[in-house]
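First up is the structure itself, then whatever we jot down about it.
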Amino acid sequence: MHLLNSVSKISLGQVLFLVGICSAVAGCGGAASDAPETVVAKGMATIDGSPLTGARLFFSPEASQGMGAAAATDEGGGFEVTTNGQPGAVPGRYRVTVQYYTKPDGSPFNLTQADADAGMDLDQFIAMGQVKLAVPRKYTDPLQTDLVVEVPATGVETLELKVVTK
């Protein structure tokens, strides 16, 4: 029943986003030489002007066909985009969503392998009040987010993502 309740709360945008990310992770099944060329895509993410530490970023291509990408922010808010586990992104325009949860003390929360091995998932930590979503919901939906970036064919090392909570 818990799964059914969770599924009913998923928006169409979130479903499309998940399909895009699954496609990016799984690839198309072709040979490695069939994979599109990627270019460097790096940048800085902030939340209310401070470095966004410990967040996961998902890049959904705006084109109807394209390859999704992902990144994780470091302690200074820096990130490097990867596609299918390889550094870089396919050139194009992306809508960026943010997965960022915090503990009650405000520090970033990331699910560890030990948590997963113990059978814990993010929903359980939320239900126990041990973590909360720390960004406005619009940043979690690729159809609502206002975080949009362009990755040029020459690559980019100065992407800026500014999350605003106030």
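A few notes on this one:
- Within region 21-49, the set of residues being surrounded by fewer than 15 Cβ atoms within 10 Å (Cβ to Cβ) and modelled with pLDDT of 65 or more comprises 34, 36, 37, 40, 48, 49.
- Any hit, region 136-155, residues being surrounded by 15 or more Cβ atoms within 10 Å (Cβ to Cβ) and acidic (Asp, Glu): yes
- A count restricted to region 97-143 and to residues that are of a type in the set (Gly, Ala, Ser) and within 22 Å of residue 59 (Cβ to Cβ) stands at 1.
- Total residues in region 85-115 satisfying the condition of being of a type in the set (Gly, Ala, Ser) and outside any loop (DSSP other than H, G, I, E, B): the figure is 3.
- Scan of region 50-65 for residues that are assigned to a loop (DSSP other than H, G, I, E, B), touching a residue at least 40 places away in the same chain (Cβ under 8 Å) and surrounded by fewer than 23 Cβ atoms within 10 Å (Cβ to Cβ), ordered by number: 53, 54, 62
- When residues in region 80-127 are screened for being within 17 Å of residue 39 (Cβ to Cβ) and either in contact with a strand residue (DSSP E or B) (Cβ under 8 Å, 6 or more places away or on another chain) or surrounded by 14 or more Cβ atoms within 10 Å (Cβ to Cβ) (or both), 14 of them pass.
- Any chance residue 79 is modelled with pLDDT under 90, outside any loop (DSSP other than H, G, I, E, B), under 13 Å from residue 98 (Cβ atoms) and among the aromatic types (Phe, Trp, Tyr): no
- Residue in region 87-100 that is within 15 Å of the chain's Cα centre (by Cα) and of a type in the set (Gly, Ala, Ser) present: yes
The values are calculated or read from the model by the stated rules, or taken from the named source; none is laboratory data. The structure presented is a predicted model; accordingly, all values stated were derived computationally and were not measured. Cβ coordinates were reconstructed from backbone atoms using ideal geometry, including for glycine residues, and neighbour counts include every protein chain displayed.
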